[in-house]
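Here's the structure, in structure tokens; my notes come after.
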Amino acid sequence: MSIDAATVKHVATLARLRVTPEEVAQYAEQLSRILTLMEALGRLPTEDVEPMSHAVAMAIPEREDVVCHLNQREALLACAPESEHGHFCVPKMIE
Amino acid sequence: MNHKKIALRSGTEQALATGYETVIGLEVHAQMLTQSKIFCGCPTRFGADANTQICPVCAAFPGVLPVLNREAVQMAIKTGLAIHGQIRLLSEFSRKNYFYPDLPAGYQISQYELPIVEQGHLMIDSPERGEGIRIGITRIHMEVDAGKSLHEGIVGGSWVDLNRTGTPLMEIVSEPDLRSSAEAGEYLKKLRAIVRYLGVCDGNMEEGSFRCDANVSVRLRGASAFGTRCELKNLNSIRNVMRAIDYEVERQIELLEEGGKVIQETRLWNADLNSSRPMRGKEDAHDYRYFPEPDLPPLRLTAERVAAISAVLPELPDAKALRFQEQYQLSHYDAGVLTSSRELADFFEAVAAEAAALGQANAKMAANWVTGELAARLNRDGVEIQHSPVTPGQLGKLVAMIQQGTLSGKLAKEVFEILCNEGGDPQQIAEQRGMRQVSDEGAIDAAIEQVLANNPEDVAQYRAGKSKILGFLVGQVMKATQGKANPGLVNQRLLAKLAE
Amino acid sequence: MDLARITLKQAADLLHRRALSAVELTQFFLERINAHNPTLNAYITVDAEGALADARQADACLARGEATPLTGIPLAVKDLFCTKGLRTTCASRMLADFIPPYESTVTRRLREAGMVVLGKTNMDEFAMGSSNETSYFGPVKNPWDHSRIPGGSSGGSAAAVAAGLCVAALGTDTGGSIRQPAALSGITGLKPTYGRVSRYGMIAFASSLDQAGPMTRSVEDAALLLQGMAGHDPLDSTSIDQAVEEYVEQLSGGVSAQERMRGLRIGIPKEYFTDGLSESVHKALQEAIERFQELGAQCQSVSLPTTAYAIPTYYIIAPAEASSNLARYDGIRFGYRCEQPEDLLDMFARSRSEGFGAEVKRRIMLGTYVLSSGYYDAYYRQAQKVRRLIADDFHNAFTQVDLLLTPTAPETAFRIGEKKEDPVKMYLSDIFTINVNLAGLPALSLPCGFDAQNLPIGMQLIGRPLQESSLLRVGHSFQQVTDWHQRSPL
Ligand SMILES: [Mg+2]
Ligand SMILES: [Zn+2]
């Protein structure tokens, strides 16, 4: 499997990563090699195999619908690079 | 701005006129009325100060994990049962990945391949296609709500408030079974009634706890393939849903008629301009990279759990309407109106029960008063039925008095006004103000004698065959009794006297 | 007794006999950190003040006779456990200034048990790496040879334990990140069954694989530390709701190593003894097998036929989950934000590109790719199916044997820089450990020899789900008749 520059750029956009032209070439080469390693999987017959998403078979636990809350606004906003009047700030968004 | 004036006739009429058929599917996001959020203990209360109802979990801080709220599951099951859906005993949560400032984790926990409910439906009355049209519901799944971004009046940036983030949502996806904006409106009203009956959502479109996106396409009547659809967003009332659909239908037909093509896109409705515009193009085509949420094992339900919920479901609008038709001999239409909300239906039944307890069962009259006089009054004052100024007991008594003949319809309206404004007991009001209807034959006969004596010419004309004079004579008798005489009895006695 | 080489058990005995105070012990390690950390780079953050305060409290507890076996023990914490008020970086520029306002369940439990947190240890950035070279805070040196890597991603914890910069340490293991550095640094490390230890407050790499565990100087110490970490946590939906065994009590149970080992069936997976295995590691493993046989265990060959597929399976699943887990680093609520963003998109892309290192970005790219439309079925779904086959292999093997014995890593510690530029080569160093994560099983790595350069060699014991006590018992028996674990670079 080889990955071209356009694919690398598309994936970088999906992942919200900025890539330089050198990085595009580097990722294309490295990802192609890694994906070649992965092609082996396609050779295993797996039609009847149930995909495994969790390491341990269990059912989801459910908690009771109880409010358990302290106002932590100041503590959480203190972690933010930018905050104002109780809000997280971001560059202007246009719909 | 590429908007145009709204058409005078609805898009649906346009479609009919030009030989097109409209195809609509609706996606409804209903906020569930849980106390706490779906994956953390933060409150879901509306209107709190920005970011005061957040924690590391719903704000997606590093290392924290979701824990599912049991009540959200219960509510989704209830809704699934109410729309005759299949409840999956094995469902799973997935991550829907995309970047947005109000989506703190960078993914929305949702359900994808295995939603909790599949294959449901509900019935609507279509103005075009008649009563009892079945609208399929593809699926209901649970997911988290996003936060809110604020732009207006903020200099140099936008603000993010995450209070709403993590509020449990049900996404209810219909089949593309709707054929007009009016049907879309009926579907939304029915669905909203159901979630309100169940107490799982307050159905408030203005506050955004019941949101609707519409997928709209048109095709030539008789065509089997669907046309290219557009998704309409920002529809914050049923009226706006219908207007936006009409606009869109007209837009698409015009495009096609001019030889153009509909482009699949998401369009934002602007209620002020009565038009929609395409949303700013996303930088990447939607590639949500769904995969099973590794932080949450699969949701396994037992048939017993589903049965236990089924056993305590309240009577739902359709069943109630059918019962009203049978039990109270109401029309399909009246039953539909009265069951459009649980509170209204309960109010009506209490009125009918009160009248019946007084030995004067007339459900039709009770229904008329509830949907007529009372509804008009509530509507005028913008009051919900729960806050009606008149109690079912008062209205039931009033209905019984009319039925008994102790109060004329005209006087009853006056009593009703007084009840609304001042309260009190209808019987006492009528008595204290001398509004009791006169049904005493002696008194009525005396009044008739007087009227006949005072109007000999009219009597002669009547007897000569001018039967229209009767109305005038009845009016004279009513006038003589200050409107208190029982009109039925006046009629009956007058006819007898004139025949003498 | 040399305090730098003291075991947790020995330290606890001294503290309980009040032959030593927690403050003295803490002071001792803080001084050692001051002296040696500039060379080894094992710690990112040292919390001298907090540690001494914890130690004073521990001494008060000891004085009142309310102590637990962990009270007053100086602990090093991998820098991906969120510690309230104490910087938690995940060895990334992205979180270089992040001070969590909340505490991970594991560190909370250990603090409540009286442990003293010395500081936060270096690691591969977001735990992505096998050599500790991807850290934003620079590589960690192997205490046995400063030109070599200590293994990764819990390299700082491994080095701190080996070099006597703490008594015990916390690690996390997604594809071998406790066991491989334990092996390469000559210490003991245990990855518990997935779900045995809470993941709450542990910064996620790959959620379905991550598991925290102890890194110590002996199996007995690992049992003591695990006892304090393990257990159900309602804040983690993947946490197993089952009572925790009495690991420490079950270690010896009063009988001799021979009695405990008699009749034990140990499986030797033939797929693990192939060309890729270095000669010295192979030889050490042979000797270990003989040791176990002398102790009365029956060693037999077993087959895990899907073994060869573990690397591609892991390097699809782990990056896929990571690409999603790391989406929350967007420069809005916490972490790094680029200077002067032009607009929203610029802020997202530049904050992430400048905040993440090369290996993290490579895995985000890989994970995004394998999940993207058109590739999901071929890569991600297929990997999940092969994951099931790998788990089934183990299940089948455990119908024949009680546990499995394998090398932990194919070779001893390599030189810093040796594999840094070749991701595929680097990924192959996890070849013996990642199967265990995919299957969710418990596994223990413990020292079993040295190569000609005097570099430690580790062996791995793999058990059935929730059979940590059996692994610990067998490992402890081995350490009772060997002294590999007592060797020290000091
Ligand atoms: Mg949705
Ligand atoms: Zn919360």
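Summary of values
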item	result
Summed side-chain charge close to C:Ala409 - residues other than C:Ala409 whose Cβ falls under 12 Å, Lys, Arg +1, Asp, Glu -1	-2
Hull-based mean projected area of region B:317-432, where the convex hull spans the alpha carbons, in square nanometres	6.6
Per residue accessible area in Å² of region B:3-305, where ligands, DNA and RNA are left out and the probe is 1.4 Å	38
Placed amide H near B:Ser275: partners under 5 Å, 5+ positions off or other chain	B:Asn270
Quotient of Cα Rg and 2.2 N^0.38 Å for region C:1-122, N being how many residues it contains	1.05
Equivalent ellipsoid semi-axes, region B:3-305, via Cα gyration tensor eigenvalues times 5, rooted, Å	33, 24, 17
Occluded residues from region C:227-241, i.e. those whose accessible area drops by 40 Å² or more once the chain is not alone (1.4 Å probe)	C:Ser237, C:Thr238
0 to 90° range, to nearest 10: angle between helix A:21-38 axis and chain A longest Cα axis	70
Karplus 3J(HN,Hα) series, Hz, for region C:69-85 with 6.51 cos²θ - 1.76 cosθ + 1.60 (x for Gly, Pro)	x, 9, 4, x, 7, x, 10, 9, 10, 4, 7, 10, 8, 5, 10, 4, x
Threshold 30 Å² - residues in region C:327-359 whose accessible area is reduced by that much or more when the chain is no longer isolated, probe 1.4 Å	C:Ala327, C:Arg328, C:Ile332, C:Arg333, C:Phe334, C:Arg337, C:Leu344, C:Leu345, C:Phe348, C:Ala349, C:Arg352, C:Ser353
Carbon/sulfur fraction of accessible area - region B:317-432, other protein chains in place, 1.4 Å, %	48
Phi to ³J(HN,Hα) by Karplus 6.51 cos²θ - 1.76 cosθ + 1.60 over region C:313-329, Hz, x for Gly, Pro	4, 5, 7, 9, 5, 5, x, 4, 5, 5, 4, 7, 4, 8, 6, 6, 8
In degrees, nearest ten, helix B:317-328 long axis to first principal axis of chain B (Cα)	20
Diffusion coefficient, µm² s⁻¹, Stokes-Einstein with Kirkwood Rh over alpha-carbon pairs of region B:441-498 at 20 °C and 1.002 mPa s	194
Mean ellipticity per residue at 222 nm, deg cm²/dmol - from DSSP H runs of n ≥ 4 across chain C, formula -39500 (n - 2.57)	-11500 deg cm²/dmol
Å² per residue, accessible surface of chain C at 1.4 Å	30
Interface size C-A, as summed buried accessible area [1.4 Å probe, Å², nearest 100]	5000
Relative contact order (%) - criterion: Cα under 8 Å, at least six apart; region: chain B	14
Beta bridge orientation in the protein assembly as shown: antiparallel %, DSSP, nearest 5	80
Under 5 Å, built H, 5+ apart or other chain: amide partners of A:Phe88	B:Val160
Sequence ranges C:71-78, C:173-180, ranked by mean other-Cβ count within 10 angstrom, highest first	C:173-180, C:71-78
Residue-normalised accessible area of region B:317-432, expressed per residue, 1.4 Å probe, Å²	46
Euclidean distance of C-alpha centroids, region B:174-243 and region A:65-95, integer Å	33
Neighbouring partner chain Cβ atoms per residue of B:105-116, average, 10 Å criterion	2
3J(HN,Hα) from dihedral phi, region C:270-276, Karplus parametrisation 6.51/-1.76/1.60, rounded to Hz, x for glycine, proline	5, 5, 8, 10, 10, 4, x
Two-decimal ratio, region C:3-259, of alpha-carbon radius of gyration to 2.2 N^0.38 Å	0.92
By average C-beta atoms within 10 angstrom, highest first, the peptides A:69-78, C:342-351, C:310-319	C:310-319, C:342-351, A:69-78
Cα-Cα pairs of region C:236-296 separated by more than 19 Å (percent)	57
Cα pair distances of region B:113-169 binned at 10 Å [whole percent]	19, 23, 22, 21, 14, 1
Helix axis angle, B:70-82 relative to chain B longest principal axis, alpha carbon, degrees	60
For residues of A:18-27, the mean tally of beta carbons on other chains within 10 Å	3
Fraction of beta bridges assigned by DSSP in chain C that are antiparallel (%, nearest 5)	65
Counting all C-alpha pairs of the protein assembly as shown, share separated by more than 48 Å (%)	42
Inverse of mean 1/r across different Cα pairs in region C:355-490, Kirkwood, Å	17.6
Buried solvent-accessible surface, both chains (C, B), 1.4 Å probe, Å² to nearest 100	2900
Net charge, B:Arg342 excluded, C-beta distance under 10 Å - Lys, Arg +1, Asp, Glu -1	-1
Nonlocal amide H pairs with B:Leu232, under 5 Å, H built at 1.01 Å	B:Ala214, B:Asn215, B:Val216, B:Arg267
Inter-centroid distance (Cα atoms) of region B:131-162 relative to region B:354-402, Å	38
Inter-centroid distance (Cα atoms) of region C:224-242 relative to region C:129-153, Å	29
Within-15-Å neighbourhood charge of B:Asn204 [Cβ basis; K, R +1; D, E -1]	+1
Fraction of accessible area attributable to carbon and sulfur, region C:1-129 (%, probe 1.4 Å)	48
Accessible carbon and sulfur surface of region B:3-305 relative to its total accessible area, %, 1.4 Å	48
Shape box of chain C [Cα atoms, principal axes, largest first, Å]	69, 54, 45
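The values are calculated or read from the model by the stated rules, or taken from the named source; none is laboratory data. The structure displayed is predicted, hence computed values, not measured ones. All Cβ positions, even for glycine, are placed from backbone atoms using ideal geometry, and neighbour counts span all protein chains on display. Heads up: the accessible areas ignore ligands, DNA and RNA and are worked out on the full protein's heavy atoms, side chains in. Shrake-Rupley method; radii C 1.70, N 1.55, O 1.52, S 1.80 Å.
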